[in-house]
Amino acid sequence: MYSVTDPARGVLVEEVANWTDVEVQAAIGRVAGAYQGWRARGVGERAAIVARAAELFAERVDDLAAIMTLEMGKRVNEGRGEIGIVVDIFRYYAEHGPALLADEPVEITGGRAVITKGPIGALLGIMPWNFPCYQVARFVAPNLVLGNTILLKHASICPRSARAIEEILHAAGVPDDVYVNTFASSRQIPAILADPRIAGVSLTGSEQAGMSVAAEAGKNLKKTVLELGGSDPLIILDTNDLDETVNATATARMRNCGQSCNAPKRMIVLADLYDEYVDRLTKRVTEYYVPGDPADPATTLPPLASNAAADEVAAQVAKAVEQGATLRAGGRRITPGAYLEATVLTAVTPGMDAYYEEIFGPVAIVFKAEDEDDAVRLANDTPFGLGASVWGTDPARNRRVADRIDAGMVYLNRAGGSQADLPFGGIKRSGLGRELGPAGIEEFMNKKSIRLG
Ligand SMILES: O=CCCCC(=O)O
């Protein structure tokens, strides 16, 4: 069942029945059937439709932000910001897509060749609830320009976002069968992936979901992009202004109520700053992040996406404390609604679950590093490898540390934050492949070698 439950109040607003197997099969038939016609249109025509979609997303910013606030508790201002990135992504691929898809001549031994950049077919997208519009945009915009068609399965708590996105794309001129939203259940995913009419799958979601989709896709030899979890390190080497660093790093951690795959979840602070950083972060988190209505632009701490999500994070915090971590701030569930106090933990050590797992909520863990080498060791001591950030006053030192971090993305003196033209993705258990930027249009591309002579 898909449903909308307002996480600020715990009130059920709408239920949407899952599609039957017959409906899902028909949807696969639609996107597969539309493929040849869509790829036959020129890239310029597809790019113009994607550019129009950007404008329609911009026009509906308030409506989309309100939907996300209701469905998953996103602060309304953050929702507007998310639509800003969505607009950028659609514009980026509309503008740069044609050049990114241009033939590439290659010099080869004994002759000449060209690599053409074409689509591969109908794709399945499985998208999560944490950024209901952005996550869809970064998969859909490049693939529409490339000429692939799309069957989209959104998170079960986001049926309204799912419908609104489909409406916008169709209104922009994407043919009805080129982009089809399905209210399929997770149980139906294996059959979709086994269907020869589906050429590949992109999933953003949990490690668990990634493993099952990758297994099914592997069995069926389907190309896969996986954007999974992260426990990103944020290393503080030194600072000229500790308050500014504390505020900026707290903002980065608490953005989207801590529910971002690439949020800095482990603050690693060099020993000489550690005590002062922990004190000031604790004060900031306690005083600034006050629970409130996510529809109110003044709110600093919205609910998590659901009661289940809030309970899970609260349980992770309680387990960490039971295993010996120190609770410096927060940790308590607040009801009614899916609220959890903004939380700071220290003394988290190897052997505790919280040392290795991802905590998807407003919880910062602070570690003390003896020196630069120790900071790098701690940063890399994780099964994940999504993003990381390095904060310090010496650019050469920041860069040296960045080069030693095992992650798909490293930011200097800033934390995370997607942008349309910068590739996004991870290594290790954070996933496979890249989205956004030039790399994002290449994942489901047939780079065909044509030998000319
Ligand atoms: O959950 C990952 C999405 C990241 C969005 C962003 O950083 O802008």
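The values are calculated or read from the model by the stated rules, or taken from the named source; none is laboratory data. Predicted model, so just to flag it, every value in this text is computed and none were measured. In this analysis, Cβ positions are derived from the backbone assuming ideal geometry, glycine residues included, and neighbour counts consider all displayed protein chains.
May I ask you to say which residue of Met254, Met211 is farther than 15 Å from Phe367 by Cα and assigned by the TED database to the domain that holds Pro7? So that I can check it myself, show each step before the final result.
Working: Met254 fails: assigned by the TED database to the domain that holds Pro7.
The unique qualifying residue is Met211.
Scanning segment 242-269 for residues that are touching a residue at least 24 places away in the same chain (Cβ under 8 Å) and of a type in the set (Val, Ile, Thr) gives Thr245, Val246, Thr249, Ile268, Val269.
Residues in segment 227-260 that are within 16 Å of the ligand (Cβ to nearest atom) and not in a helix (DSSP H, G or I): Glu227, Leu228, Gly229, Gly230, Ser231, Asp232, Pro233, Leu234, Gln259, Ser260.
For segment 379-403, the tally of residues that are surrounded by fewer than 16 Cβ atoms within 10 Å (Cβ to Cβ), of a type outside the set (S, T, N, Q) and closer than 25 Å to Leu242 by Cα stands at 7. Tell me, which residue of segment 134-150 that is part of a helix (DSSP H, G or I) and of a type in the set (Val, Ile, Thr) is nearest to the ligand (Cβ to nearest atom)? Of everything passing the filter in segment 134-150, Val136 is nearest to the ligand (Cβ to nearest atom). Residues that are over 25 Å from Ser206 (Cα atoms) and in a strand (DSSP E or B) within segment 349-403 comprise Lys368, Ala369, Val390, Trp391, listed in sequence order.
Scanning segment 13-23 for residues that are in a strand (DSSP E or B) and either under 10 Å from Leu70 (Cβ atoms) or over 26 Å from the mean Cα position of the chain (by Cα) (or both) gives Val13, Glu14. Within segment 404-437, if we keep just the residues that are in a strand (DSSP E or B) and within 13 Å of the ligand (Cβ to nearest atom), the residue that is surrounded by the most Cβ atoms within 10 Å (Cβ to Cβ) turns out to be Gly431.
Of the numbered criteria (1) assigned to a helix (DSSP H, G or I); (2) touching a helix residue (DSSP H, G or I) at 6+ places or on another chain (Cβ under 9 Å); (3) surrounded by fewer than 24 Cβ atoms within 10 Å (Cβ to Cβ); (4) not basic (Lys, Arg), the one Leu169 fails is (3). Taking segment 209-224 as the range and being assigned to a helix (DSSP H, G or I) and surrounded by 15 or more Cβ atoms within 10 Å (Cβ to Cβ) as the test, the residues that pass are Ala209, Gly210, Ser212, Val213, Ala214, Glu216, Ala217. The residue list Ile83, Ile120 contains one member that is away from the ligand (no atom under 16 Å from the Cβ), in contact (Cβ under 8 Å) with a residue 24 or more places away in the chain, outside the structural domain of Ala298 (by the TED database) and among the aliphatic types (A, V, I, L, M), which is Ile120.
Taken over segment 304-348, the criterion of being out of contact with any strand residue (DSSP E or B) (no Cβ under 7 Å at 6 or more places or on another chain), of a type in the set (A, V, I, L, M, F, W, C) and assigned to a helix (DSSP H, G or I) is satisfied by Ala308, Ala309, Ala315, Ala318. A Cβ distance below 6 Å, combined with a sequence gap of six or more or placement on separate chains, defines the contacts here; from segment 229-241, residues that are within 10 Å of Ala407 (Cβ to Cβ) reach residues that are more than 14 Å from the ligand (Cβ to nearest atom) in the pairs Pro233/Arg266; Pro233/Ile268; Pro233/Ala379.
When Asp403 is tested against (1) at pLDDT 95 or above; (2) more than 19 Å from Asp381 (Cα to Cα), just one condition goes unmet, and that condition is (2).
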